[in-house]
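Asks: Handing you this structure, nothing more for now.
The values are calculated or read from the model by the stated rules, or taken from the named source; none is laboratory data. On a predicted model such as this, the values are computed, not experimentally measured, just so you know. Glycine gets a Cβ as well: all are built from the backbone with ideal geometry, and neighbour counts include every protein chain shown. Just so you know, the surface numbers come from the protein's heavy atoms only, side chains and all, with ligands and any DNA or RNA stripped out. Shrake-Rupley method; radii C 1.70, N 1.55, O 1.52, S 1.80 Å.
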Amino acid sequence: MAQHFHNGAVYVGLSVYSDEVYVDDHGTVCDSKAFTSSDQQQEIDLEGRMLLPAFRDTHSHPLFAGREAQGLEITHIHTIAELGSALKTHRDSNSALTWLDAAVYDRSMAGSQTRQTLDEYVSDIPVVLHADDHHTLWINTKALEVAGLLHNELPALSAGRIDVDEQGIPTGILREWPAMSLVMDLAPANTLQEDLQALLWAEQQLIEAGIVECQDAWIDRGMAEVYIEADNNGLLKLDYSLAFRADVDTFNDDFSYFLSLTEKIKSSSHLKAQAIKFFVDGVFGSATASVSETYLSSNSFGELNWNAEALIASISLAHINNFQVHIHAIGDTGVSFALDCIEKADPRPKGLNPVIAHAELTTDTLLEQAKALEVNLCMQPYWAQRNGMLLSCRDHLGDNRLNSLYAIKDMLAADLNVSFSSDWPVSTPSVLAGITVAVFRQGAVTMPKHNPDQAITFEKAIDAYTSSACKLLGSRNPGTLVIGQPFDAVAIDKNLKEEDLDGYLTAKVLATYKAGKNLLV
Ligand SMILES: [Zn+2]
């Protein structure tokens, strides 16, 4: 059926507006002539509401989010007493449970975050709590025991840390993946059926957020298989780009496996596997991101997970095999290191410029270097607000550095391709929430603004979730509502051009169209 959307604010993309858009029988944006020549025509009155190009999330973790939602949900809990009682109730009502996974805990919660605290509530099976930064675990004594971390000498780690007390005994806090994986690798694995459920649940959340394409920015062994199984059974509605995680210790061994999966995905219409994800540093909340001035809390410069020689060789290997590199770099030294390695590596495949994800602490010089190297930046606008996550970095960074984080306007002024993303489940998959913070630099009316000089316009924020995202993903689709392109669009319940912060905070997605079909019905 051909459709004519009219009487609304239609944002075509790239600062162009219209008040109507025509879609032909095949779900392609067309002119009025093609619409009138259709046998079946539908008039859709937008009643002053807004139609935008559909959103694309260039860095998210849908399968992790789905798995996390299958465990015990503790996000709403902010006291240890309530947390303990939730854990105990869950354990008591699931006698067959052999492992208790819960997410996400509030790291700013008052009280002692140690294994002994958790033991008071559940001590007979491993308890693993995931922190809101997703770079920290809080575990009980049983979990330390089964991982062999209680009575043995602690292993050397390529990055991260096992926190210990004055006697050198682990406290129950593990930081960064090399430490976290010592426990997580022992967690009972989901069956393929459970993973499929997790993925399809996540997909529904993405559709509700107005997203039609998503890059899963952390694919380990066994994860691409879930996407492939879903695709082979015709269960996927959205498009996914899979980014394989390069483990600093096993990258060369893993590489042939990445290539074999890429081959399997080659003919899929919903899946592509074209990126390799590298972590060059950690996060500010654990003082593990790599910085040029020491952390106030630890007098350290954070950590680099790779040495230059290995990273340059690995980027080159990725490039030669037609992969895009997607590099997690948060501190200014992390970003600088990533850029230097990109500069020295073999040339990238055509159309797949390297990506630096997060780039939280930058300088004008770094942005100029990124521009000269034609590097894409993948930012999480939702983080640019003075919430608990940002403020948990204050003791480490001090106010000056904290206030300079997320210089999104400067990045656009440097003419960089800046795309937006959620990093879900680190934060909400809601694109409207991300746009709100990009435009207002606050996530609630009562919250002070975070560095409001770096606020950007509504149009720039939408472009970052649409056309710039397509550019980053090397897509042929321009991510705009121009004639000849698939009608991938989002209808929202108000015209945001006329709304204040309150209007943005209460806006809702009404429909998510992919190639003319509304997936939100
Ligand atoms: Zn991520």
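Asks: Between LEU505 and ASN518, how many nm apart are label points set 7 Å from Cα along the C-beta direction?
Replies: In this crude label model, LEU505 to ASN518 measures out at 2.9 nm.
Asks: Sticking with this one: Straight-line reach from LYS33: which lysines fall under 21 Å, measuring Cα to Cα and dropping same-chain residues less than 8 apart?
Replies: LYS517
Asks: Nearest 20 debye, what's the magnitude of the dipole of segment 437-501 about its Cα centre given +1 on Lys and Arg Cβ and -1 on Asp and Glu Cβ?
Replies: In total the dipole reaches around 240 debye.
Asks: Please list, or write none, the lysines whose alpha carbon is within less than 16 Å of the alpha carbon of LYS497, excluding same-chain residues fewer than 8 places away.
Replies: Hits, sequence-local ones excluded: LYS460, LYS508.
Asks: Mind putting a number on the dipole of segment 247-288 about its Cα centre? Charges go on the C-beta only, +1 for Lys and Arg and -1 for Asp and Glu, and I need it in Debye to the nearest 20.
Replies: The dipole of segment 247-288 has a size of about 360 debye.
Asks: Distance check, please: which entries in LYS237/LYS449; LYS371/LYS514; LYS277/LYS344 exceed 26 angstrom between their Cα atoms?
Replies: With Cα atoms farther than 26 Å apart: LYS237/LYS449; LYS371/LYS514.
Asks: Assuming 0.36 nm per residue, please report the length gained on full extension of the stretch GLU194 to SER292 beyond their Cα-Cα distance.
Replies: Numbers: separation 98, 0.36 × 98 = 35.28 nm, distance 4.38 nm.
Between GLU194 and SER292, full extension yields an extra 30.9 nm.
Asks: Let me ask you something else. Using +1 at the C-beta of Lys and Arg and -1 at the C-beta of Asp and Glu, which of HIS4, LEU63, SER38 has the Cα lying farthest in the positive direction of the dipole of segment 1-74?
Replies: Looking along the dipole axis, the top candidate is LEU63.
Asks: Just the number, please: percent antiparallel of the DSSP beta bridges in the chain, rounded to the nearest 5. Numbers along the way, then the final one.
Replies: On the way: 28 of 71 bridges.
So the antiparallel bridges in the chain amount to around 40 percent.
Asks: Sort 191-200, 410-419 by the packing proxy (mean of other Cβ within 10 Å over each peptide's residues), most packed first.
Replies: Going from most to least packed, we get 410-419, 191-200.
Asks: Next up: Hey, what did segment 64-189 get for relative contact order, percent, Cα under 8 Å, at least 6 apart?
Replies: Contact order relative to length: 20 percent.
Asks: Based on the Cβ-Cβ distance from LYS497 to ASP119, what FRET efficiency comes out when R0 is 56 Å, to the nearest 0.05?
Replies: Details: r = 55 Å, r/R0 = 0.98.
About 0.55, to the nearest 0.05.
Asks: While we're here: For segment 65-121, just say rounded, prolate or oblate: build the C-alpha gyration tensor, square-root its eigenvalues into a ≥ b ≥ c, call rounded for a/c under 1.5, and beyond that prolate if a/b exceeds b/c, oblate if not.
Replies: Oblate.
Asks: Are there GluC sites (Glu not before Pro) in segment 359-448 that DSSP puts in a loop and that have at most 16 other Cβ atoms within 10 Å, and which ones?
Replies: Listed in order of number, the matching sites are GLU374.
Asks: How far is helix 431-440 tilted off the main Cα axis of the chain, in degrees rounded to 10, range 0 to 90?
Replies: Approximately 90 degrees, to the nearest 10.
Asks: With all protein chains present, how much of the accessible area of segment 378-485 (probe radius 1.4 Å) comes from carbon and sulfur, to the nearest whole percent? Could you put the intermediate results ahead of the total?
Replies: On the way: 1930 of 3760 Å².
Percent of accessible area from carbon and sulfur atoms in segment 378-485: 51.
Asks: Could you give the size of the charge dipole of the chain about its Cα centre, using +1 on the Cβ of each K and R and -1 on the Cβ of each D and E, expressed in debye and rounded to the nearest 20?
Replies: Computed charge dipole of the chain: roughly 520 debye.
Asks: Might you tell me the accessible area per residue for the chain, computed with a 1.4 Å probe and given in Å²?
Replies: With the other protein chains kept in place, the chain gives 41 Å² per residue.
Asks: Tally the DSSP beta bridges in segment 99-247 and give the antiparallel ones as a percent, rounded to 5. Please list the in-between numbers first.
Replies: Working: 9 of 19 bridges.
Taking every DSSP beta bridge within segment 99-247, about 45 percent pair in antiparallel fashion.
Asks: For the pair ASN152/ASP31, report the inter-label distance in nm, with labels modelled 7 Å from Cα in the Cβ direction.
Replies: 7.2
Asks: Here's a follow-up. Note down the relative contact order for segment 412-482 as a percent, whole number, built from C-alpha pairs under 8 angstrom at least six residues apart.
Replies: Numbers: 69 pairs, mean separation 21.7, N = 71.
Normalised by residue count, the contact order of segment 412-482 is 31 percent.
Asks: Here's something else I'd like to know. Between SER267 and LYS88, how high is the FRET efficiency from 1/(1 + (r/R0)^6) when r is the Cβ-Cβ distance and R₀ = 35 Å? Nearest 0.05.
Replies: E between SER267 and LYS88, to the nearest 0.05, is 0.10.
Asks: Right, another one. What does the extension gain come out to for ASN299 and LYS344, with contour length at 0.36 nm per residue minus their alpha carbon separation?
Replies: The span from ASN299 to LYS344 would gain 13.2 nm if fully extended.
Asks: Just want to confirm a number: the relative contact order over segment 78-142, from Cα pairs under 8 angstrom separated by 6+ residues, in percent.
Replies: For segment 78-142, the relative contact order is 35 percent.
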